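Nothing in this text is a laboratory measurement; each read-out follows from the coordinates by a stated rule. Since the structure is predicted, the reported quantities are computational estimates derived from the model, not experimental observations. Backbone-built Cβ (ideal geometry, glycine too); neighbour counts: all protein chains shown.
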Amino acid sequence: MASKIECVLKQSLITFSGSHTSKTFHDNLIKLKRYANELDANSITLDNRLLRCDTYELNSSFDKLSGSVLIRRVRAPVTYIEVYEDQNVSIGIFVLRNGAKIPLHDHPCMYGVLKVIHGKVRIQSYTPKKKDYSQLNECIISAVKMAPIIIGESDEPCVLCPVEGNIHQVDTVDGPAAFVDILAPPYRTDIPDVGKRYCRYFKELNMSKDIKLEVVPDPKDYWSDTAPYTGPQFNLNIDENS
């Protein structure tokens, strides 16, 4: 019997391997949401130690003045666990420690499905007013600010689209959190007729009644480490009629 994460993976491959405009695609996306809604921390055997604030990584550096090696404790606010990635889809798990956030960023021409498997997160999304990606090289873009939502383990997955809700920030709520993140296509793929698919970070500008988002450098207070996937293994033989 297939595990829950295997069902999600197979349905993701079926959903995102072809055209994203047909009725079949939207039917498959609904099915993917249904499978993703079954995921929880136990089904992917999440290591609860990753949620703790005392999870440290030891970094060393050489002090030229003292001639000694300095050991400092560095705690990444976010841990990423890669489950699967190919040219069509990536599936991973983000673990956010208490007080951590994933800063405001975009998903250029991508779909996404986010399912919380531990704790709660607050998601603030924005929809760029330009429906294509012609603003790729612009430093300031106009956007519509959507109402923030708080979702937890008992809530259904949320979906981001190539335009609607494509830019968002994720904050923890009252403790650490973890969620499964399905993205299609992955960031490392190119945008057809445009070029490389970069993840950009933003800040909101209070200039007028219109919402403006300014592209900013990668935030210095945000970084992540990685951990291995230790959940159920999966078989990629796909039956599209299943």
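The phi-based Karplus calculation (6.51 cos²θ - 1.76 cosθ + 1.60; θ = phi - 60°) puts the 3J(HN,Hα) values of segment 140-150 at 10, 10, 8, 8, 9, 8, 8, 5, x, 10, 10 Hz, whole numbers, x for Gly and Pro.
From the list (i) 35, 19, 16; (ii) 30, 20, 20; (iii) 29, 26, 18, can you say which value of semi-axes √(5λ) of the Cα gyration tensor in Å was derived from the structure given? Computing semi-axes √(5λ) of the Cα gyration tensor in Å and matching it to (i) 35, 19, 16; (ii) 30, 20, 20; (iii) 29, 26, 18 gives (iii). Summing Cβ point charges (Lys, Arg +1; Asp, Glu -1) relative to the Cα centre of the chain gives a dipole of roughly 560 debye.
Label sites at GLU85 and THR45, each approximated as a point 7 angstrom past Cα along Cα to Cβ, lie 2.3 nm apart.
With contacts defined as alpha carbon pairs under 8 Å and 6 or more residues apart, what's the relative contact order of segment 126-196 in percent? Rounded, it is 34 percent for segment 126-196. Modelled label positions at GLU214 and ASP27, each set 7 Å beyond Cα in the direction of Cβ, lie 4.9 nm from each other.
How high is the relative contact order of segment 153-242, in percent, counting Cα pairs under 8 Å that sit 6 or more residues apart?
Rounded, it is 12 percent for segment 153-242.
Peptide packing: for 176-188, 98-110, 24-36, the average count of neighbouring Cβ atoms within 10 Å per residue gives the ranking 176-188, 98-110, 24-36, highest mean first.
Working note: Karplus 6.51/-1.76/1.60 with θ = phi - 60° gives segment 176-191 the couplings x, 8, 8, 8, 8, 10, 10, 10, 8, x, x, 4, 6, 7, 7, 8 Hz, where Gly and Pro are set to x.
Placing +1 on the Cβ of every Lys and Arg and -1 on the Cβ of every Asp and Glu, with nothing else charged, gives segment 90-139 a dipole about its Cα centre of roughly 280 debye.
A straight chain from SER154 to ASN206 at 0.36 nm per residue would run longer than the Cα-Cα distance by 15.2 nm.
Report relative contact order for segment 83-242 in percent, whole number only (criteria: Cα-Cα under 8 Å, sequence separation at least 6). Across segment 83-242, relative contact order equals 33 percent. Database remark: amide H of LYS129 closer than 5 angstrom to the amide H of SER142, ALA143, VAL144 (H placed geometrically; neighbours at sequence offset of 5 or more, or on other chains; Pro and chain starts carry no H). Ranked by the mean number of other Cβ atoms within 10 Å of their residues, highest first, the peptides 215-223, 167-175 come out as 167-175, 215-223. Distances between placed amide hydrogens fall under 5 Å for ALA76 paired with GLU57, all partners being 5 or more residues away or on another chain. Cross-link pairs exceeding 22 Å in C-alpha to C-alpha distance, out of LYS131/LYS220; LYS4/LYS196; LYS4/LYS31; LYS23/LYS129; LYS120/LYS212; LYS10/LYS115, comprise LYS131/LYS220; LYS4/LYS196; LYS23/LYS129; LYS120/LYS212. Rounded to whole numbers, the Karplus 3J(HN,Hα) couplings from phi for segment 151-157 are 10, x, 4, 8, 8, 5, x Hz, using 6.51 cos²θ - 1.76 cosθ + 1.60 with θ = phi - 60°, and x at Gly and Pro.
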